[in-house]
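**Student:** Below: one structure in structure tokens.
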């Protein structure tokens, strides 16, 4: 296998150049996918026979939850890469992705709660999925808080990396224990997001929205990382030249 | 006109659907706007610094 | 190797007994939190019994958290932590000794005290062994996971609240399983499953947490 790609990734300059080229494509794809997905989901997808139109919230709730969960795994992967290969870029990625992940978790929680009102008759039910998302939000808060509490950049990056790895080991345990707790305390409630068989015209827009959310997540992450890199590398010549072009 | 209001009401669920879409739109745009503002701040700082050095 | 473990343990023990008040504080906190609940919700035994597993476990969680805050602080301030990091012995083993000591004076003491509070919260006597068992298996996990957080926040000012923020979400599985065991026993159902899961978590954290604690301390000391 050719590992030069991996080593290039460690170079902030290379990343800055290539991400600048990727950014318009991701932005275009994200906006298009989200537009198409939400227009399709809101206007053309058929109503759910049980939940009626409130079902259309699925098109944002599920993608946000997907991105929120995979973002945490990404944090841990970035943490491992940063600790093992001492790659600065991985630390930048960890720092920049955490707030986006927290926002996505927030969106999933809020839309889940709003969806709960017409479905369960109340905004908050201690449903297994919503509870896990709430705990995920706390985990994100922990990472962000630790990152901000340590003033030394290097130390803060390493500490958050360790915390992210510890958290990702715990996530499956938390998930299973919460599922178990939920079945013990409220057996067989009506699950909002578990549909036995979704017809194509219902899940295709969902697929578009998931891809769109991922694309927009990438856009936000790349933008944050580029600013952070410029700030960290402002002693180097290429960063000064890049800044010059932006003036 | 009637069809539009009927669509917006979404069979009584309109408030829920539209509010959650609005919140999502707000959060997504915030996530793009924030790094954009940070970038502009960085560029402004740099410009100020250069002006200072010129004089 | 055995010698260094024993030496460290004796040192911890002596240091702790120099200030016996510090040993007692988490336990008194535990007792106060437990007795706040009957005052807050009323002394009706039926309600207390349904709440008892949760109350005792949440109190145990908070008491552990409170005692963790100072776990590495004095060692960090007087520089002995740096000596540990530099010493040729594996750091993860040495921190394990420290965590073991913490568990003995905090976790084990709570296990011994818990039946008393169980009775005060109107738990039937037949449930008390399960209460002790769940705490016996769960508190080591609390000490180990908490030490990870304490190691990561070692040099920070105002680390207490931050520590709670980092560690409490990770305590949730222990809380669920621990209270689940007591509730199952209250309803006369078998508790073996819960106990096995708690034991599983204890073994898992015993094998993985020392590595994370050592990594956290190395990072904290290098600052």
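**Student:** With chain A treated as a Gaussian network of Cα nodes joined by springs under 10 Å, which of A:45, A:65, A:93 yields the largest mean-square fluctuation?
**Tutor:** A:45
**Student:** Hey, another quick one. When only C-alpha pairs under 8 Å and at least 6 residues apart count, what is the relative contact order of chain A, in percent?
**Tutor:** 33
**Student:** Two-decimal Rg/Rh of the range A:97-228 from alpha-carbon positions, Kirkwood Rh?
**Tutor:** Rg/Rh for the range A:97-228 comes to 1.02.
**Student:** If all Cα-Cα distances of the protein assembly as shown are sorted into 10 Å bins from 0 onward, what percent lands in each bin, rounded to whole numbers?
**Tutor:** 3, 16, 23, 23, 19, 11, 4, 1, 0
**Student:** With axes computed from alpha carbons, what is the tilt in degrees of helix C:108-120 against the longest principal axis of chain C, rounded to the nearest 10 within 0 to 90?
**Tutor:** 20
**Student:** Counting alpha carbon pairs within less than 8 Å and at least 6 residues apart, what relative contact order, in whole percent, applies to the range A:22-113?
**Tutor:** 29
**Student:** Over the range C:73-174, how many percent of alpha carbon pairs lie in each 10 Å bin up to the one with the longest distance?
**Tutor:** All Cα pairs considered, the percentages come to 14, 35, 32, 14, 5, 0.
**Student:** Another one. I'd like the mean, over residues of A:110-117, of how many other protein chain beta carbons sit within 10 Å of each residue's own Cβ.
**Tutor:** If you average over the peptide's residues, the count of other-chain Cβ atoms is 4.
**Student:** How shielded is A:142-149 by partner chains, expressed as the average number of their Cβ atoms within 10 Å of its Cβ atoms?
**Tutor:** That average works out to 5.
**Student:** Beta carbons within 10 angstrom, averaged per residue: use that to sort the peptides A:144-152, B:35-43, C:52-60, highest first.
**Tutor:** My ranking of the peptides, most packed first, is C:52-60, A:144-152, B:35-43.
**Student:** In peptide B:25-32, how many Cβ atoms from other protein chains are near each Cβ within 10 Å, on average?
**Tutor:** 6
**Student:** Pairs of Cα atoms under 8 Å, at least six residues apart: use those to get the relative contact order of chain C, whole percent.
**Tutor:** It rounds to 27 percent for chain C.
**Student:** Going by alpha carbons, how many degrees (0 to 90, nearest 10) lie between the helix axis of A:12-39 and the longest principal axis of chain A?
**Tutor:** Taking the Cα atoms of chain A, the angle to A:12-39 is about 20 degrees.
**Student:** Same structure again: Given the DSSP H assignment, sum -39500 (n - 2.57) over each helix run of at least 4 residues in chain C and divide by its residue total; what's the result at 222 nm in deg cm²/dmol, nearest 500?
**Tutor:** The helix-only estimate for chain C comes to -28000 deg cm²/dmol at 222 nm.
**Student:** Sticking with this one: In degrees from 0 to 90, rounded to the nearest 10, what is the angle of the helix A:237-246 Cα long axis to the longest principal axis of chain A?
**Tutor:** For helix A:237-246, the angle is close to 60 degrees.
**Student:** Further, regarding this structure: In what sequence do B:54, A:87, C:71 fall when counting other Cβ within 10 Å, fewest first?
**Tutor:** Ranked by crowding around the Cβ, least crowded first: B:54, A:87, C:71.
**Student:** Rank by packing, highest mean first: peptides B:4-14, C:174-184, with packing defined as the count of other Cβ atoms within 10 Å averaged across residues.
**Tutor:** C:174-184, B:4-14
**Student:** For the range C:2-222, what is the convex hull volume of the alpha-carbon atoms per residue, in Å³?
**Tutor:** 117
**Student:** May I have the extent of the alpha carbons of chain B along their three principal axes, as whole Å values ordered from largest to smallest?
**Tutor:** Taking the Cα atoms of chain B, the three principal extents are 66, 21, 9 Å.
Every number in this text was worked out from the coordinates using simple rules, so none of it is lab data. This one's a predicted model, so the numbers in the text were calculated from it and none came from an experiment. A quick note on method: Cβ atoms are made from the backbone with ideal geometry, for glycine too, and the neighbour counts reach across all protein chains shown.
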